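Structure first, then comments.
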Amino acid sequence: MKAPCISLCLLGAGLFLCSVHARGLRRCLISMNLHRVEESFRGIKTAIQAKDTFQNVTILSPSETLHGIKPLDVCCVTKNLLAFYVDRVFKDHQELNPQIMRKISSLANSFLYMQKTLQQCQNLCHCRQEATNATRIIHDNYDQLEVRSAAVKSLGELDVFLAWIDKHHRGTSAASR
């Protein structure tokens, strides 16, 4: 009689811990108005993509790299791709048009804010090998192009990443729209 009671208590405790972890992870999701970020990008998308000389190449291939990300890896991939854009793409891009530069700066600041939000939850955002591999593929794709071309290509594909964030963080980003 004690064995089923102990098993039931352990099961209940396990379910409770899983729900606490899930709620804690939910608080770590993107909680900003992604609609404004997407709108800001749409304002420069045509100008950026016009500079893209490699139309047949992709860095953020949604069908291969981002599409297969499992729910457990969303936090890690989001964190890694935000760092990729902040540390590489926005820094590598050279823009002469001051209006476009202001929009890119605004996008970079939004990414910094999202990055800061996720850094507060570092202990809830574990990186499994699959997430690391997906991020590595994106870095490898970027590294195959010349730095300026890679930055233009990645900026031009920003809508792919923003749509992915919106899809996987809908619970918190949609609430702030």
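The values are calculated or read from the model by the stated rules, or taken from the named source; none is laboratory data. Not measured: the values here are computed from a predicted model. Every residue, glycine among them, receives a Cβ derived from its backbone with ideal geometry; neighbour counts consider all protein chains shown. Surface areas here come from the heavy atoms of the whole protein model, side chains and all, with no ligands, DNA or RNA. Shrake-Rupley method; radii C 1.70, N 1.55, O 1.52, S 1.80 Å.
If LEU96 satisfies every condition in (1) under 28 Å from ASP140 (Cβ atoms); (2) among the aliphatic types (A, V, I, L, M); (3) over 18 Å from the mean Cα position of the chain (by Cα) but one, which is the exception?
All conditions pass for LEU96, except number (1).
Quick test of your reading of the structure: ALA50 fulfils all but one of (1) surrounded by 15 or more Cβ atoms within 10 Å (Cβ to Cβ); (2) at pLDDT 90 or above; (3) among the hydrophobic types (A, V, I, L, M, F, W, C). Name the failing condition by number.
Going through the list (1) surrounded by 15 or more Cβ atoms within 10 Å (Cβ to Cβ); (2) at pLDDT 90 or above; (3) among the hydrophobic types (A, V, I, L, M, F, W, C), ALA50 breaks only (1).
Conditions first: (1) within 22 Å of GLY43 (Cβ to Cβ); (2) in a helix (DSSP H, G or I). LYS79 passes all but one, so which condition is the exception?
Tallying (1) within 22 Å of GLY43 (Cβ to Cβ); (2) in a helix (DSSP H, G or I), LYS79 fails exactly one: (1).
Need a quick list: helices (runs of 4 or more DSSP H) entirely within the range 82-177 having at least 1 residues that are in contact (Cβ under 8 Å) with a residue 24 or more places away in the chain, of a type in the set (A, V, I, L, M, F, W, C) and open to solvent by less than 40 Å² (accessible area, probe 1.4 Å).
The helices (runs of 4 or more DSSP H) meeting that bar are 98-119, 129-143, 147-156, 158-168.
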